[in-house]
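This report refers to the structure that appears directly beneath it.
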Amino acid sequence: MTALQHVKLGTYYVVHMPEPDDFAFWRERARQLVQCDVPPDRVAWVEPGGNGSLFSHGDKRLPVPDDATRMIRASKRFLSIAKNVAHHSDPERFSLLYAMLWRLQSNPRLMEDKADSQVRRLEDMDKSVRRDAHKMHAFVRFRMVGDEEGPEGNGEHYVAWFEPDHHIVRREAGFFVRRFANMHWSILTPRGCIHWDGEVVRESGPAQKSDAPQGDPAEDLWRKYYASIFNPARLKIGAMLKEMPRKYWKNMPEAALIPELVAGAQKRESEMVDAGASLFGEEFEDRPETLAAIDKAIHACRKCPIGSLENEAVMGEGPDDAALMIVGEQPGDQEDLAGKPFVGPAGQVLDAALAVAGIEREQTYVTNAVKHFKYTQRGKRRLHQSPTAKEIDVCRWWHEAERAIVKPKVVLALGASAARAMLGKTVSISKVRGEPMPLDDGSELWVTAHPSYLLRLDGDAKAEQERLFAADLAAVKERLSQLVG
Amino acid sequence: MEHMAALETIQKLEILADAAKYDASCASSGTAKRNSKGGKGVGSTEGMGICHAYAPDGRCISLLKILLTNHCIFDCHYCINRKSSNVRRAKFTPQEVADLTLTFYRRNYIEGLFLSSGIIKSSNHTMELLVETARILREDHDFRGYIHLKTIPEADPDLAHQAGLYADRVSINVELPTDVGLTRLAPDKNSRQIEGAMGGMKMAIRQSKDERKRFKHAPRFAPGGQSTQMIVGADAATDSDIVGKASRLYGNFKLRRVYYSAFSPIPDASAVLPLKRPPLMREHRLYQSDWLMRFYGFAPAEVMQATDADGNLPLDIDPKLAWALKFRGRFPVDVNRAPREDLLRVPGLGTRAVGQILASRRHRNLRLDDVAKLTVSVAKVRPFICTVDWRPTLLTDRADLRSLLAPKQEQLELFAA
């Protein structure tokens, strides 16, 4: 063995690292030692402040190789991993790297053997350094000192306090320079600090948390954002902890909110459900499957505030296999008292028009979009009030149950409220009347005015609207004849 | 006065961030590399997006994700901002959003802005405001961070084009997996218009890429591509429907991502929607199936084969395991000989583990112990592989294999909660 020419048997070497992350220094020394065939168990690598006295018997003067140009083998993969591992906080990192470099001389493809335990350990350290760097990019929180007024980035100074696991501060300066090139900033850490003045990066020694500013007014906005963007209906604390472990929380202004957000989440979610449910009553069960069951259910329905007024639900009326379904808005005063749809003044207008068009009401299923009478009390009179879009949408549940049983071929909606119950959106009668629209159950929808609208008009306007109403009914009659024969 | 103004901003932020939380995406990856050197402002993008915080819902906070306004003239039933909903409303100006973005960015809270909006006045008017916000950031402040603009399919194509010139990513939500669902729950929207707008974006992105090959200074157009979002559980669509729709969207529009958002019970929801949320696990299983298609060589039809009789993916086991249990004849796979495609089919082996197996087996004949070092759970992998010292003689034929491999029921509840 030529090694013995240079290495005295039993000689032990010590390399003192000038900086904890000085990869270039390690590489030079390691190359020299491999060239002299110094095996890994004959070298100690000591980082600054490390316990070098254990190795006091070691020789600090390294052997000089005969041939300084002798090729040292190191795969690309090893070099790229080694550069990262040099930043790790494990005191054994440089020894481990040397051991691996030593083994690479006889097995240049060793790094590919992922099942080798030293390879795995290096890979884990590499991963840990890269993760630490990534978390630094993510979790550094600058606080502004000075004044935000003035041109971009001048007059103000941004200072952050961060506690990295590894010796990565110098390594990551470039990221912050590229991102915040036109700001003045400092990142203070217990492993040393970096400062940027828009021109050069300056380094300084370790700092303490108290050296950094203690707050920033923008943090209130940020905390508000953090609390608001969180969806309490989907609590996944494990997923959060995996990516943002507790050790980082103390330096992140938003993290102080986490305990109360988690504690309040289930409460907030049930409030969200209740906010819907309080309007709807208890949750909807399955749709009733007979008209009688619907009749019973709507009498008990308190899913919107109308159901809580002094009134009775009014069920639709007509054959359960009618080809035509006519839908009005809601029962009026007289319908509420009679418990039947379209028996008041508007009902009389409708009956007359149906007769003229040749449509038999007895063969038709007549109902309303909203099942209860909505009114305001004026003295002894109950004045009609239009249902809100929300109330129509809530009652759509019942109307759709009726439609699913009767299965009409044609649905005639009287007025905008009825049209909304069918379409889910508010449409203009004048734009949609006269043409059928397909519904998702295969039936077709025709829309015309509500007869009570005709009652409120007079003169030419009334005549014109009556003509249009009659024409719509005639068109429906013709279509029915085509469909039913 | 200044105090009053600050209070107002914080209240608006609360309302408009709250309204944006139903959007699943917060990604800031995959755009062109830029930095602020030589410029006047701040910002850089280096390929990989950064999650600057995680919320207790487990989601990454990468961008300032807000609505410009939650006023809306549309009436989509699943949406908290629907016209007929009784939520508190607020509106930011483009300048306010730009200022807030910069305030957050300079403190390293975010990677950039994800801006969406309710429709006010008209689709075009709203789109103009979104574009103006991006313009202020890019031109007035030389902002070089990430911008994602949600574009409005009903708006003028010229406006959508301007959005693409300022933004890293544009997205248009398809909202619901089926046309029937869309007609029923989003009556003001129309799938043809949505897909037409996505097609327009695809063309513009492709054209810009071509131009940049020939002219170095041709303007970039949405270098981070386009994505979309589908709401899961608001209508009757099955997982098969959803997977089919997603694969068509990937194919037709070259989307970077299809996001799934489990329908959340939203305050003031409409009665045509289920009040109970679908299990969050369902959303998770859909994302897993998305990964199978994008990284594991599964065809959409193969993912659909993994569904149960009702057309939905099993909730108790992941789709890859479900597929393997249905096609046991494809196993065991010999880790020392099998090609990459076959290794990728083994439940419990990820792309990384497969890569490591391929590299390691050049050096040694892998034993079960070696595989154990490369995977998270060898117990899960074992029934589907053979090594020099292991062959699952009876295991793959056992009828109760599924129950042996499925996680414990309590655990599922914990995850689903």
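Just name the residue that is nearest to the chain's Cα centre (by Cα) out of those in the stretch B:164-190 that are small (Gly, Ala, Ser) and surrounded by 24 or more Cβ atoms within 10 Å (Cβ to Cβ).
From the stretch B:164-190, those small (Gly, Ala, Ser) are B:164, B:167, B:171, B:181, B:186; that's our starting set.
Checking which are surrounded by 24 or more Cβ atoms within 10 Å (Cβ to Cβ) leaves us with B:164, B:167, B:171, B:186.
Working: B:GLY164: 19, B:ALA167: 18, B:SER171: 11, B:ALA186: 21 Å.
It comes out as B:SER171.
Filter the stretch B:362-376 down to residues that are within 11 Å of B:VAL335 (Cα to Cα) and in contact with a helix residue (DSSP H, G or I) (Cβ under 9 Å, 6 or more places away or on another chain) and give me whichever is nearest to the other protein chains (Cβ to nearest Cβ).
Applying the filter and picking the extreme gives B:ASP370.
Among the residues of the stretch B:122-136, write down those that are buried (at least 22 other Cβ atoms within 10 Å of the Cβ) and out of contact with any Gly (no Cβ under 8 Å at 6 or more places or on another chain). Reasoning before the result, please.
Quick first cut of the stretch B:122-136, residues buried (at least 22 other Cβ atoms within 10 Å of the Cβ) only: B:126-127, B:130-131, B:133-134.
Listed by number, the residues that qualify are B:MET127, B:LEU130, B:VAL131, B:THR133, B:ALA134.
Going by the structure shown, is A:ILE194 touching a residue at least 24 places away in the same chain (Cβ under 8 Å), under 24 Å from A:PRO91 (Cβ atoms) and either crowded, with 19+ Cβ neighbours inside 10 Å or at the interface with chain B (Cβ under 10 Å from one of its Cβ atoms) (or both)?
yes
A:PRO387 versus (1) surrounded by fewer than 20 Cβ atoms within 10 Å (Cβ to Cβ); (2) within 14 Å of chain B (Cβ to nearest Cβ): which is the lone unmet condition?
Result: A:PRO387 fails condition (1) only.
Of the residues B:GLY30, B:GLY49, only one is surrounded by 20 or more Cβ atoms within 10 Å (Cβ to Cβ), more than 7 Å from chain A (Cβ to nearest Cβ), under 15 Å from the mean Cα position of the chain (by Cα) and modelled with pLDDT under 90; which?
Selected residue: B:GLY49, the only one of B:GLY30, B:GLY49 that is surrounded by 20 or more Cβ atoms within 10 Å (Cβ to Cβ), more than 7 Å from chain A (Cβ to nearest Cβ), under 15 Å from the mean Cα position of the chain (by Cα) and modelled with pLDDT under 90.
Scanning for something under 27 Å from the mean Cα position of the chain (by Cα), among the β-branched types (Val, Ile, Thr) and not assigned by TED's automatic domain parsing to the domain that holds B:MET281, does the stretch B:296-310 turn up at least one residue?
yes
Among the numbered criteria (1) touching a residue at least 60 places away in the same chain (Cβ under 8 Å); (2) assigned to a helix (DSSP H, G or I), which one does B:LEU313 miss?
Condition not satisfied by B:LEU313: (2).
Checking the condition among the hydrophobic types (A, V, I, L, M, F, W, C), surrounded by 20 or more Cβ atoms within 10 Å (Cβ to Cβ) and part of a helix (DSSP H, G or I), which residue from A:ALA413, A:ALA461, A:ALA419 passes?
Going through A:ALA413, A:ALA461, A:ALA419 in turn, the sole match is A:ALA419.
Could you run through the stretch A:188-204 and say how many residues are over 22 Å from B:GLY38 (Cβ atoms) and of a type in the set (Val, Ile, Thr)?
Of the residues in the stretch A:188-204, 1 are over 22 Å from B:GLY38 (Cβ atoms) and of a type in the set (Val, Ile, Thr).
Give the residues of the stretch A:36-62 that are modelled with pLDDT of 85 or more and surrounded by 14 or more Cβ atoms within 10 Å (Cβ to Cβ), sorted by residue number.
A:CYS36, A:ASP37, A:VAL38, A:PRO40, A:ARG42, A:VAL43, A:ALA44, A:TRP45, A:VAL46, A:GLU47
Go through the stretch A:230-252 and give me each residue that's in contact with a strand residue (DSSP E or B) (Cβ under 9 Å, 6 or more places away or on another chain) and in a helix (DSSP H, G or I).
A:ALA239, A:MET240, A:LEU241, A:LYS242, A:GLU243, A:ASN251
Hey, among the residues in the stretch B:52-77 that are more than 7 Å from chain A (Cβ to nearest Cβ) and surrounded by fewer than 21 Cβ atoms within 10 Å (Cβ to Cβ), which one's nearest to B:ARG107 (Cα to Cα)?
So the residue we want is B:HIS71.
Would you tally the residues in the stretch A:99-121 being more than 14 Å from every other protein chain (Cβ to nearest Cβ) and surrounded by 21 or more Cβ atoms within 10 Å (Cβ to Cβ)?
2
Is it fair to say A:LYS135 is crowded, with 16+ Cβ neighbours inside 10 Å and assigned to a loop (DSSP other than H, G, I, E, B)?
It is false that A:LYS135 is crowded, with 16+ Cβ neighbours inside 10 Å and assigned to a loop (DSSP other than H, G, I, E, B).
Failed condition for B:ILE110, given (1) within 12 Å of chain A (Cβ to nearest Cβ); (2) among the β-branched types (Val, Ile, Thr); (3) free of Cβ contacts under 8 Å to residues at least 60 places away in the same chain; (4) over 23 Å from B:SER29 (Cβ atoms), with all others met?
(4)
The values are calculated or read from the model by the stated rules, or taken from the named source; none is laboratory data. This structure is a prediction, so every number in the text was calculated from the model and none was measured. Using ideal geometry, Cβ is built from the backbone for each residue, glycine included, and neighbour counts are taken over all protein chains shown.
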